[in-house]
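Everything on this sheet refers to the single structure shown next.
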Amino acid sequence: MGRRIVILGAGFGGLTTALELERAISRVAGVDILVLDARNFHLFSPMLHEVTSGSVEPRHVVWPIRGLGRKTRFTFERRQVRAISLDRKNVTTDRDEIGYDYLVIALGGTTNYYGVQGAAERTFAFKSLPDAVRLRNHILEMFEQAVDEKDPARRRRLLTFVLVGAGCTGVELATELHELARRTLVRHYPRLDAGKVRIVLAEATGRIIPCVSERLAGLGLEKLRGKGIEVRLHSPVVGAGPGFVEFHSGEALATETVIWTAGVKANPVVEALPVEKDKLGRVLVNEHLEIPPFPGVFAIGDATHCWDPRLQDALPPTGQVAVQQARSVAHNIARDLRGQAKEPFTYRHRGDLVSLGVGDGVGEIAGLAFSGLPAWLLWRSVFLAKLVGWKNRIRVALDWLVGAFFERDVAKLEW
Ligand SMILES: Cc1cc2nc3c(=O)[nH]c(=O)nc-3n(C[C@H](O)[C@H](O)[C@H](O)COP(=O)(O)OP(=O)(O)OC[C@H]3O[C@@H](n4cnc5c(N)ncnc54)[C@H](O)[C@@H]3O)c2cc1C
């Protein structure tokens, strides 16, 4: 009887596992690869902030998974995964139960609100495509309301945009919002004073973008402040409510827009597994990325706590980590199918790049530091190359080209 490899999630980890497995087991007969995901497309999240600012069209950062599966050996089924039974070796979905011989859990994570009061209900999450489009529409709506607003206090509140968390996502989004609000929108609303638009980036710790060195983070901080973005370090947010956000200091800042870019925790399906997990609900894995004591059950990406001896910490929740783990898992499943011993996973950090708006950035690649225009050009080249599919690469490149000559679109599209 044939064997079945089930991959849960078609994000960075799941999709890479499926594509790598194709290659790795091309000569092994009698093996089915089944990919399950609640949505029928793969999302390229590193460009989400550009969707919000209008530099890139939403459709251009997603790729239909069925389009890939048609040309390859894996089958895709759109399913919401509800639970995994490791003892019975099956997965419960919204439609059926699916058995497996090998399981790869790549369900990603969800937003971590750290129990902050009102955060889940009152702030904008920034993880999915609808999140990015919803936020864009909201920002445009704030400008529409502000231009007619007679009360100066309410107008200030409408034009104050607060981001919580100055990691890569928070910083990149803050700079894109700055471009959209302070460079484009104010020209369309000449009655509004550009100086009254506030972008506040609140960070609980004493530094921004922990993925890069202290020196580059310091340079990034200077650049953000130079653009007029108010970066508040050591400023944990402790609450959010109607029309305000509250800081640990006791200050309540009046705003209609709080964007939560502060953290990730495990997917609820992963969190519910009866195995060892960390405080974020991510499963602990062994050197082969298997969940002990279940050989053949792998977990990768944001769903996983994977100890890194070099960092002396768990690997961060990044696409880069998920992709390398996916390659290792595909390789080890192929070895196992051939009766060979599995090999341990080793993470090799390639570097990090952070875009700071048009023509600016900071980053490190292969130990070399970059900033300004070279960092930004590298950011664009690297992420363009990583997008799935030539069609999307061309479409995003054209979006950028058009953006270099014409201003961003400010239409608020709602259906
Ligand atoms: C705005 C943003 C910007 C980012 N920028 C970068 C960057 O510049 N560089 C970088 O390296 N990383 C970046 N990341 C992080 C990166 O996107 C994640 O680390 C990476 O996607 C993790 O891969 P994954 O496979 O674990 O999960 P994901 O890519 O999130 O994939 C999980 C998949 O599981 C599916 N799924 C979830 N739950 C269910 C369910 N119950 N049933 C069925 N399907 C389900 C989802 O639909 C999704 O397709 C960014 C993340 C965000 C949100």
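The values are calculated or read from the model by the stated rules, or taken from the named source; none is laboratory data. Because the structure is a prediction, the values reported are computed rather than measured. So basically every Cβ, Gly included, is an ideal-geometry build from the backbone, and we count neighbours across all protein chains shown. Just the protein is used for accessible areas: all its heavy atoms, side chains included, with ligands, DNA and RNA removed. Shrake-Rupley method; radii C 1.70, N 1.55, O 1.52, S 1.80 Å.
Miscellaneous remarks
- Scanning segment 239-257 for residues that are over 24 Å from Ala132 (Cα atoms) and touching a residue at least 12 places away in the same chain (Cβ under 8 Å) yields a count of 3.
- Residue within segment 129-136 that is touching a residue at least 24 places away in the same chain (Cβ under 8 Å), more than 10 Å from the ligand (Cβ to nearest atom), open to solvent by 50 Å² or more (accessible area, probe 1.4 Å) and not hydrophobic (A, V, I, L, M, F, W, C) present: no
- Residue pairs meeting the criteria (Cβ under 6 Å; at least 6 apart or on separate chains; first under 16 Å from Pro46 (Cβ atoms) and open to solvent by less than 90 Å² (accessible area, probe 1.4 Å), in segment 381-399; second basic (Lys, Arg) and part of a helix (DSSP H, G or I)): Leu384/Arg393; Leu387/Arg393
- In segment 247-287, of all residues being part of a loop (DSSP other than H, G, I, E, B) and acidic (Asp, Glu), the one that is least open to solvent (accessible area, probe 1.4 Å) corresponds to Asp278.
- So Thr318, is it over 24 Å from Arg59 (Cβ atoms), of a type in the set (Ser, Thr, Tyr), open to solvent by 40 Å² or more (accessible area, probe 1.4 Å) and within 15 Å of the ligand (Cβ to nearest atom): yes
- Segment 38-66 residues that are closer than 22 Å to Asn267 by Cβ, paired with ones that are more than 9 Å from the ligand (Cβ to nearest atom) and of a type in the set (D, E, K, R) (beta carbon under 7 Å, 6 or more apart): Asn40/Arg66
- Checking Val35 against (1) more than 23 Å from the chain's Cα centre (by Cα); (2) assigned to a strand (DSSP E or B), the condition it does not meet: (1)
- Any hit, segment 78-89, residues being assigned to a loop (DSSP other than H, G, I, E, B), under 23 Å from the mean Cα position of the chain (by Cα) and loosely packed, with under 15 Cβ neighbours inside 10 Å: yes
- With respect to the conditions (1) within 11 Å of the ligand (Cβ to nearest atom); (2) open to solvent by less than 20 Å² (accessible area, probe 1.4 Å); (3) not hydroxyl-bearing (Ser, Thr, Tyr); (4) not in a loop (DSSP other than H, G, I, E, B), Ala10 lacks only one, and its number is (4).
- Filtered by the rule that a residue be in a helix (DSSP H, G or I), farther than 25 Å from Val133 by Cβ and not aliphatic (A, V, I, L, M), segment 13-32 gives Thr16, Thr17, Glu20, Glu22, Arg23.
- Every residue from segment 352-370 that is over 19 Å from His49 (Cβ atoms) and in contact with a helix residue (DSSP H, G or I) (Cβ under 9 Å, 6 or more places away or on another chain): Glu364, Ile365, Ala369, Phe370
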